[in-house]
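Quick note: the coordinates plus some simple rules give every number you see, no bench work behind them. Since this is a predicted model, take the numbers as computed values, not measurements. Here the Cβ positions follow ideal geometry from the backbone for every residue, glycine too, while neighbour counts run over all protein chains shown.
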Amino acid sequence: MATPSSSDARLFYRCAIRRFEEAQILLRAERTTGAVYLAGYGIECTLKSLVLSAAPASQTSSILGSFRGQRAHGYEWLREQYYGYKGARLPPDVNHHLTLASYWSTNLRYMPGDLKRGEAEDFIEAVAEIIEWARGRL
């Protein structure tokens, strides 16, 4: 498993893996909404790790400051930040998986019901593909 050289990128990468593992546990326990919620954070942390790994170390503090607020949860915004630091373009299949996961938001924490099992499984599968691709970039 690749590990980013930046300590801040490593932190976000480790968090991405951990949130994804927790999401898988929740999915097995039929807690589909919680599984999707945590897996979505796995994507967010993966993208943040990519941004930090692509950016010059001199900009780390500024980047970490930009990770605050609602926009920093947005996959599209994070992808554009990554591209802005000359990060590798996401291949079509990874973009497809990111599109499948694009309905994720922090508002899922206020959804008391459960998502359909198949929907949650598709989301978890998309997250797995995104994280796997990112491993090769870090």
Around PHE67, what is the net charge, scoring Lys/Arg as +1 and Asp/Glu as -1 over all other residues with Cβ under 13 Å from its Cβ?
+1
Considering only DSSP states other than H, G, I, E and B, which trypsin sites (Lys or Arg not before Pro) in region 47-138 qualify as loop sites with at most 12 other Cβ atoms within 10 Å?
ARG68, LYS86, ARG89, LYS116
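All other residues with a Cβ under 14 Å from the Cβ of TRP133 taken together, and with Lys, Arg as +1 and Asp, Glu as -1, what is their net charge?
0
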All-pairs Cα distance distribution in region 95-138, expressed in whole percent, bin size 10 Å
25, 48, 23, 4
In a Gaussian network model of the chain with springs linking alpha carbons closer than 10 Å, the residue among VAL94, VAL51, VAL36 that fluctuates most is VAL94
The set of residues whose placed amide H lies less than 5 Å from the amide H of LEU115, leaving out same-chain residues fewer than 5 positions away, is THR32, THR33
Total formal charge among the other residues, if their Cβ is under 10 angstrom from that of GLU30, Lys/Arg +1 and Asp/Glu -1:
+2
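Roughly what percent of Cα-Cα pairs across the chain reach past 22 Å?
Counting pairs separated by more than 22 Å, the tail of P(r) holds 33 percent.
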At 0.36 nm per residue, and after removing the present C-alpha to C-alpha distance, how many nm does the segment from GLN70 to SER58 gain when stretched out fully?
1.9 nm
Run the numbers for ARG14 and GLU80: contour at 0.36 nm per residue of separation, minus the present Cα-Cα distance, in nm.
21.6 nm
